[in-house]
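Comments concern the structure below.
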2 protein chains.
Amino acid sequence: MIGASLARDFKRLGLAEAVAGFGRSKERLMQVVKEGVLDDWAVEPEPICAGADLVVLATPVETFVTLARDVAPFLMPGALVIDVGSLKGAVVADVEALMPEGVHFVGCHPIAGSERSGAYASRAGLFEHARCMITPTERTDPGALARAEALWTALGCRVERMDAYEHDRVFGLVSHFAHMAAYAIVTTVGEADAGALRFPGAGFRDTTRIALSDPTLWSHICIMNRENLADALGRCMDVFGRMKDALEAGDSSQLEQIFERAVEFKRTSER
Amino acid sequence: MIGASLARDFKRLGLAEAVAGFGRSKERLMQVVKEGVLDDWAVEPEPICAGADLVVLATPVETFVTLARDVAPFLMPGALVIDVGSLKGAVVADVEALMPEGVHFVGCHPIAGSERSGAYASRAGLFEHARCMITPTERTDPGALARAEALWTALGCRVERMDAYEHDRVFGLVSHFAHMAAYAIVTTVGEADAGALRFPGAGFRDTTRIALSDPTLWSHICIMNRENLADALGRCMDVFGRMKDALEAGDSSQLEQIFERAVEFKRTSER
């Protein structure tokens, strides 16, 4: 979804002379070529990466290191390599270390997307008004960083820099943990009474929308960020414990205080 | 919100000759009268209930029993009394027992609304395509039940009957528990790192939308339904525990299985 949406915007905004893609599925690649999203395609990296000014890693994040190793021999000196993954930390360090002389990598994470996956879910304008996190390291080339930031800005993003490990802690909370919580909420209801799932109100629908997200993709992300996530789950169990204590004590004002504090946190987030 | 939205629809759809409201706040009542939502208002029940064919209890659910006691002396024989509360069980039994001879009560719960409260958040058409749960008891008058169902149908609802205690168990899961979970998610993130709240993606925003809901209203609902909710919180802590185990074991396929099952439950809910 992210890769094909980028391709659509590169063409729509005239940001590239040509856009080519490589991936595993010939059928899916041919489909997006037919739609005019890609000019060329291949199932091998060489014909696509040789001569490319910009190479975007847009596969699932757990494949980036292998992918970087596969494309590295074909990268042109001066090429900029970016990714669009939702994990940074060790991934950025590992990919960076694999880049050949004269090729620069910049870790990028556009905060765009939905519970859907794949090129069929792609669309032009996906990145407009989105935030894009950029995670430079001590080794990041200043020119490459400026080019990456200019690119995302041209796509309509608000660019923000953050340390790669700090990024994984922050997005572990607001994104990865939120996905685990949504999965946990539907599981709780389903296990308690699958019949109750027939009665979703607007609240339940919104709260669990991302519980439709791809389990393979998200299990890999969560495992890769497992320390931050185990911490978040433990914290949430603690909050639930406090709520349960208030319920069991029949203490409405205690529960109200817990809820009030939550509303304050949520308002902070909406500002 | 529910009361004033009903008033708007009663007028818009010509379902009532006149619509009058009583409540505590003179200012808020005068405001809705000025907007043409109500024809008349009072801060006492007598002038509003005397002569009313239909009386709707649309205050917070914890006030229904007191409210029913207050309005009972003024109800006209043949009047239909309904409520719009999100808890049924004991409330329905208690209100029913307070109705004078010839006055019939039918418990109703339209699944409509949002995280907002109050007449300012009301709108015409709120109930269109919504589900309305009706919870008749052994004592419910068949004619009154038919009138209540015809009313909600005229407002655009799909009416469904359910036992009052079963209702509280089901909506304890899909509504009340979902609210507690949303409050818990923002609290978890806020306690771990309030700064992370600055980076909400679309997923976090949707998952925690209802964490803006009125803490007073929801603490009362949750306390009134505390047994079902303590059970749901315990179950969710158990699900979190299984997720945490998979994370700590670094077991991606175990986590994927948990997520897959969640997606299946969620799909059931979307059908």
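The values are calculated or read from the model by the stated rules, or taken from the named source; none is laboratory data. Since this is a predicted model, take the numbers as computed values, not measurements. Here the Cβ is made from the backbone with ideal geometry for all residues, glycine too, and neighbour counts use every protein chain on show.
Quick rundown of the values:
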read-out: Residues that are aliphatic (A, V, I, L, M) and crowded, with 24+ Cβ neighbours inside 10 Å, drawn from region B:166-181; value: B:LEU173, B:VAL174, B:ALA178, B:MET180, B:ALA181
read-out: Tally, over region B:125-139, of residues that are in contact (Cβ under 8 Å) with a residue 40 or more places away in the chain and either surrounded by fewer than 15 Cβ atoms within 10 Å (Cβ to Cβ) or out of contact with any Lys or Arg (no Cβ under 9 Å at 6 or more places or on another chain) (or both); value: 3
read-out: Subset tally (residues that are out of contact with any Asp or Glu (no Cβ under 8 Å at 6 or more places or on another chain) and surrounded by 24 or more Cβ atoms within 10 Å (Cβ to Cβ)) for region B:222-232; value: 3
read-out: Subset of region A:233-246 (residues that are without any contact (Cβ under 8 Å) to a residue 24 or more places away in the chain and farther than 11 Å from B:MET180 by Cα); value: A:GLY234, A:ARG235, A:MET237, A:ASP238, A:GLY241, A:ARG242, A:ASP245, A:ALA246
read-out: Qualifying residue in region A:28-42 (condition: under 28 Å from B:PHE204 (Cβ atoms) and either surrounded by 21 or more Cβ atoms within 10 Å (Cβ to Cβ) or in contact with a strand residue (DSSP E or B) (Cβ under 9 Å, 6 or more places away or on another chain) (or both)); value: no
read-out: Failed item, numbered, when B:GLY113 is tested on (1) within 23 Å of the chain's Cα centre (by Cα); (2) over 30 Å from A:ARG205 (Cβ atoms); (3) modelled with pLDDT under 95; value: (2)
read-out: Every residue from region B:107-129 that is farther than 26 Å from B:ASP94 by Cβ and of a type outside the set (Phe, Trp, Tyr); value: B:SER114, B:GLU115, B:ARG116, B:ALA119, B:ALA121, B:SER122, B:ARG123, B:ALA124, B:GLY125, B:LEU126, B:GLU128, B:HIS129
read-out: Any strands (runs of 3 or more DSSP E) falling wholly within region B:41-123 and containing at least 1 residues that are in contact with a Phe, Trp or Tyr (Cβ under 7 Å, 6 or more places away or on another chain); value: B:54-57, B:80-83, B:108-110
read-out: Any hit, region B:149-157, residues being more than 7 Å from every other protein chain (Cβ to nearest Cβ), among the small types (Gly, Ala, Ser) and not in a helix (DSSP H, G or I); value: yes
read-out: Failed item in (1) closer than 20 Å to B:ALA154 by Cβ; (2) part of a loop (DSSP other than H, G, I, E, B); (3) of a type outside the set (Val, Ile, Thr), with B:GLY21 passing the rest; value: (2)
read-out: Unmet requirement for A:ASP214, which otherwise passes all of (1) under 19 Å from the mean Cα position of the chain (by Cα); (2) more than 27 Å from B:ALA194 (Cα to Cα); (3) modelled with pLDDT of 95 or more; value: (3)
read-out: Residue count, region A:128-148 (criterion: small (Gly, Ala, Ser) and assigned to a loop (DSSP other than H, G, I, E, B)); value: 1
